[in-house]
Amino acid sequence: DNEQSVPQLLIRDVKLEKPLAKLMFSPDQDNHPSKAPVKYGELIVLGYNGSLPNGDRGRRKSRFALFKRPKANGVKPSTVHIACTPQAAKAISNKDQHSISYTLSRAQTVVVEYTHDSNTDMFQIGRSTESPIDFVVTDTVPGSQSNVDTQSVQSTISRFACRIICQRSPPFTASICAAGFDSSKNIFLGEKAAKWKTSDGQMDGLTTNGVLVMHPRNGFTEDSKPGVWREISVCGNVFSLRETRSAQQRGKMVENESNQLQDGSLIDLCGATLLWRTAEGLARTPTLKHLEALRQEINAARPQCPVGFNTLAFPSMKRKDVVDEKQPWVYLSCGHVHGYHNWGNKEERDGKDRECPMCRSVGPYVPLWLGCEAGFYVDAGPPTHAFSPCGHVCSEKTTAYWSQIPLPHGTHTFHAACPFCAHQLAGEQGYIRLIFQGPLD
């Protein structure tokens, strides 16, 4: 009767749908409370430094973990119906049956029915907030600190952009296919979508703006090198890129490559790019605690402004968007770190470029921010380098890696960008080494 004397944890557990006793002695291992659920990996959206500008909410967040489901929800192709037979129409209208419809002409539609696959879990990604979508992704606006500016942009991300299929048994591989099933469990490829019959009589196709994937060479490590961007079809086949994102003509099929994701694979949905990290890869990645320790270490060294002689300090991870009075600033042309000051403003240069008081080199002068999204780091090195022109700080190997990656931009261009804010990189390398001045005492 006296709730106060009962530990809070027990009160919460009593409210579980299944009684705790049943859970503890359940023969089904998946429900055993002591057994941590199997994690397949995580998807992290490029351009966000640890969370969305207005905070992570529900299925809309900057990173999404994929765990083994209590029950398999994967599907695999079964029956193929050609032309507009009543069977085909029934397959389309059957809410309990997954199907993909390929409209070849007004007179002909090929419907491929999908049946339950007990060996796989399926996760769907797209712009739609309908229930079949597990991870809601909206267009990334470079350097945007609030979602206000993103809403006015006409989105190029598909409502049902792609699906990731994870094997439920070791080694828990994850593969990607373009397009996702809607609330009626259908995927429709209209007349204008690129589609074709495969050599074994199956159908395949591409979505309007396509799903592009790049697997890095040498995994996601300090030795990583960029791979080649490919397009993934609705059935998970690999193709070279089309001339532009939505061109009618598909690229060449790449036989010796697969749609299996590796640690560090990039997935581009035309408006947002996601990084796939495997559970094993994340286990080797610095944690937020490690990044916090590095921040405290750099602050403990008491770097000073060579002009004002005031001590500089990186603000805490929670205050990553508000410029602090102790915030370090950097001259991007040379890397000399200062506190904020008005010295050296060049009026005739629109006030954008400043002259460094240490070495007289002229260039942009920006505040420095720590990169807080640990999943983007290729190593656990100290924060010695900053991306240019945004001033996001991380390890040397991490800046070197991302500065080499050509990220899709618009319908046919590519450019390197900061993973923490999606700003296009500038300057010779896209990053600079920071030169801190230690305390004089």
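The values are calculated or read from the model by the stated rules, or taken from the named source; none is laboratory data. Computed from a predicted structure; not experimentally measured. Glycine also receives a Cβ, built like all others from the backbone with ideal geometry; neighbour counts cover every protein chain displayed. For the accessible areas, the whole protein counts, side chains as well, though only heavy atoms, and no ligand, DNA or RNA atoms are used. Shrake-Rupley method; radii C 1.70, N 1.55, O 1.52, S 1.80 Å.
Step by step: first the residues of the range 193-233, then only those that are in contact with a Ser or Thr (Cβ under 6 Å, 6 or more places away or on another chain) and farther than 22 Å from PHE160 by Cβ, then the one that is most open to solvent (accessible area, probe 1.4 Å). Which residue is that?
By that ranking, first place goes to ASN218.
Go through the residues of the range 284-295 one by one and say whether even a single one is surrounded by 13 or more Cβ atoms within 10 Å (Cβ to Cβ), modelled with pLDDT of 95 or more and either part of a loop (DSSP other than H, G, I, E, B) or among the basic types (Lys, Arg) (or both).
No, that holds for no residue.
Of everything in the range 316-334, what is of a type outside the set (D, E, K, R) and touching a strand residue (DSSP E or B) at 6+ places or on another chain (Cβ under 8 Å)? Give them in sequence order.
Passing the criteria: MET317, VAL323, GLN327, PRO328, TRP329, VAL330, TYR331, LEU332, SER333, CYS334.
List pairs: first residue in the range 216-243 and in the same structural domain as ARG163 (by the TED database) and in a loop (DSSP other than H, G, I, E, B), second residue of a type in the set (Lys, Arg) and surrounded by fewer than 17 Cβ atoms within 10 Å (Cβ to Cβ) anywhere in the structure, Cβ distance under 8 angstrom, at least six positions apart or on different chains.
PRO216/LYS225; ASN218/LYS225; SER224/ARG217; PRO226/ARG217; GLY227/ARG217; SER240/LYS252
Which number in (1) buried (at least 17 other Cβ atoms within 10 Å of the Cβ); (2) among the β-branched types (Val, Ile, Thr); (3) over 18 Å from MET122 (Cα atoms) marks the one condition that ILE187 misses?
Among (1) buried (at least 17 other Cβ atoms within 10 Å of the Cβ); (2) among the β-branched types (Val, Ile, Thr); (3) over 18 Å from MET122 (Cα atoms), the lone unmet condition for ILE187 is (3).
I want to confirm something. Restricting to the range 90-103 and keeping residues that are over 15 Å from PRO77 (Cα atoms) and modelled with pLDDT under 85, which single residue is most open to solvent (accessible area, probe 1.4 Å)?
LYS90
For the range 234-248, what are the residues that are of a type outside the set (A, V, I, L, M, F, W, C) and surrounded by fewer than 16 Cβ atoms within 10 Å (Cβ to Cβ)? Break it down into steps so the answer makes sense when it comes.
So the first thing to find is which residues in the range 234-248 are of a type outside the set (A, V, I, L, M, F, W, C), and the list is 236-237, 240, 242-246, 248.
Correct list: SER240, GLU243, THR244, GLN248.
The rows are residues; the columns are (1) without any contact (Cβ under 8 Å) to a residue 12 or more places away in the chain; (2) out of contact with any His (no Cβ under 6 Å at 6 or more places or on another chain); (3) open to solvent by 10 Å² or more (accessible area, probe 1.4 Å).
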| residue | (1), (2), (3) |
| --- | --- |
| VAL362 | no, yes, yes |
| TRP369 | no, no, yes |
| GLY381 | no, yes, yes |
| THR384 | no, yes, yes |
| SER388 | no, yes, yes |
| CYS394 | no, yes, no |
| THR399 | no, no, no |
